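Asker: Take a look at the following structure, please.
The values are calculated or read from the model by the stated rules, or taken from the named source; none is laboratory data. Remember, it's a predicted structure, so these values are computed and weren't measured experimentally. All Cβ positions, glycine included, derive from the backbone under ideal geometry; neighbour counts span all protein chains shown. Only protein heavy atoms, including side chains, enter the accessible area calculation; ligands, DNA and RNA are left aside. Shrake-Rupley method; radii C 1.70, N 1.55, O 1.52, S 1.80 Å.
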Amino acid sequence: MNTVIAVAPNGGRRTTKDHPALPVTAADTARTAAACREAGAAMLHIHVRQPDQRHSLDVDLYREAIAAARREAGPEMVIQATTESVGIYSADEQMAMVRALKPEAISMALRELAPTDADKAAFADFTAWLTRERIAGQIILYDTADAARARTWAEEGVFDADAMSVIFVTGKYAPPTPAAPADLLPLHAACADLFRDWMLCSFGPRETGCVTLAALLGGHCRVGFENNLALPDGAIAPDNAAIVTATTDALKAVGLKPATPAQLRAAWGLEG
């Protein structure tokens, strides 16, 4: 498979006060998805918001946003729902949302859904259910402690790493910590080899450089306003599509090709 570009256009924390083009409604998100698909994104990582722009895991809001994105961006673009808690939702509430919504793909933080060894059984049950339902699961790992636990659990058979993707996160929201490309290396060394495939998202203005290194190491890229508002030259991007375009250009400059939605669907077993 060529290099997947996923776009995360809003996240759960930023609002239009941070950038006027940050999408917060279903219609905004759908238009952003279409523009980013045209720019080279194969996947939309979707968050939904309440009318006051607060983060939500409301199933009806998800259904509205997914339907709108399908109308605007077409049937092929993969749509991945977040389970992120943003300090609001419990692990049980996060998993209940997924069971009710049954999206085609989800991201899930190991430290949120299964923070301790006491959560192994529940996590094993949930990930097995994802596989049975043909929902593409992607485990979020924020640091080497997360990565070490993911490796141990995979080797113990708590989840089937061959049926899962992983996304590494470098940099962070609080305290604000911009990522550097080399931040990926210890995470990659810890467990990237176990998973079906892996992806990187990185906070801050060096996002393009970080994800380009990931791509050169055989990984995939998630970019967008959730983690970064800047273009590679440091200027504030006018919209998410401009960041996707910059990523597409960076991949092509080092001899790589962006994956199509169809290639991602085939790799994740989402065909038919």
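Asker: Residues to consider are Ile140, Ile106; find the one that is touching a helix residue (DSSP H, G or I) at 6+ places or on another chain (Cβ under 6 Å) and either in a helix (DSSP H, G or I) or closer than 23 Å to Ala6 by Cβ (or both). Before you say what the answer is, go through the steps one by one.
Answerer: Details: Ile140 fails: touching a helix residue (DSSP H, G or I) at 6+ places or on another chain (Cβ under 6 Å).
Step by step, each of Ile140, Ile106 is checked, and only Ile106 is touching a helix residue (DSSP H, G or I) at 6+ places or on another chain (Cβ under 6 Å) and either in a helix (DSSP H, G or I) or closer than 23 Å to Ala6 by Cβ (or both).
Asker: Moving to a separate point now. Give me a count of the residues in segment 51-71 that are over 19 Å from Val98 (Cβ atoms) and open to solvent by 30 Å² or more (accessible area, probe 1.4 Å).
Answerer: Filtering segment 51-71 for residues over 19 Å from Val98 (Cβ atoms) gives 51-54, 68, 71.
Narrowing the set further to residues that are open to solvent by 30 Å² or more (accessible area, probe 1.4 Å) leaves 51-54, 71.
Residues meeting the conditions: 5.
Asker: Determine whether Gly209 is at pLDDT 95 or above and at positive phi.
Answerer: no
Asker: Considering Ala262, Ala230, which residue is within 18 Å of Val7 (Cα to Cα), touching a residue at least 40 places away in the same chain (Cβ under 8 Å) and out of contact with any helix residue (DSSP H, G or I) (no Cβ under 7 Å at 6 or more places or on another chain)?
Answerer: Ala262
Asker: Here is a follow-up. Are any residues in segment 7-50 in a loop (DSSP other than H, G, I, E, B), open to solvent by less than 40 Å² (accessible area, probe 1.4 Å) and without any contact (Cβ under 8 Å) to a residue 40 or more places away in the chain, and if so, which ones?
Answerer: Thr15, Val24, listed by residue number.
Asker: Suppose we keep only residues that are open to solvent by less than 10 Å² (accessible area, probe 1.4 Å) and free of Cβ contacts under 8 Å to residues at least 60 places away in the same chain within segment 72-84. Which one would you say is farthest from Tyr173 (Cα to Cα)?
Answerer: For segment 72-84, the residue satisfying everything is Ile79.
Asker: Next question. How many of the residues in segment 70-88 are in contact with a helix residue (DSSP H, G or I) (Cβ under 8 Å, 6 or more places away or on another chain) and either aliphatic (A, V, I, L, M) or within 22 Å of Pro115 (Cβ to Cβ) (or both)?
Answerer: Number satisfying all stated conditions: 8.
Asker: How many residues are of a type in the set (Val, Ile, Thr) and open to solvent by 50 Å² or more (accessible area, probe 1.4 Å) if we restrict to segment 135-155?
Answerer: Of the residues in that region, 2 qualify.
Asker: Within segment 79-102, can you find the residues that are under 18 Å from Met43 (Cβ atoms) and in contact with a Phe, Trp or Tyr (Cβ under 7 Å, 6 or more places away or on another chain)? Spell out how you get there, then give the answer.
Answerer: Filtering segment 79-102 for residues under 18 Å from Met43 (Cβ atoms) gives 79-84, 98, 101-102.
If the condition is that a residue be under 18 Å from Met43 (Cβ atoms) and in contact with a Phe, Trp or Tyr (Cβ under 7 Å, 6 or more places away or on another chain), then Ala81, Leu101 are the ones that fit.
Asker: Anything in segment 85-103 that is open to solvent by 30 Å² or more (accessible area, probe 1.4 Å) and part of a helix (DSSP H, G or I)? List them, or say none.
Answerer: Going through segment 85-103, the residues open to solvent by 30 Å² or more (accessible area, probe 1.4 Å) turn out to be 86-90, 92-93, 96, 99-100, 102.
Answer for segment 85-103, where residues must be open to solvent by 30 Å² or more (accessible area, probe 1.4 Å) and part of a helix (DSSP H, G or I): Asp92, Glu93, Ala96, Arg99, Ala100.
Asker: List pairs: first in segment 147-167 and over 14 Å from Ala109 (Cα atoms), second hydrophobic (A, V, I, L, M, F, W, C) and open to solvent by 50 Å² or more (accessible area, probe 1.4 Å), Cβ under 9 Å, 6+ apart or cross-chain?
Answerer: Filtered contacts from segment 147-167: Val158/Ala121.
Asker: Restricting to segment 111-134, name every residue that is touching a Lys or Arg at 6+ places or on another chain (Cβ under 8 Å) and surrounded by fewer than 21 Cβ atoms within 10 Å (Cβ to Cβ).
Answerer: Matches in segment 111-134: Trp129, Glu133.
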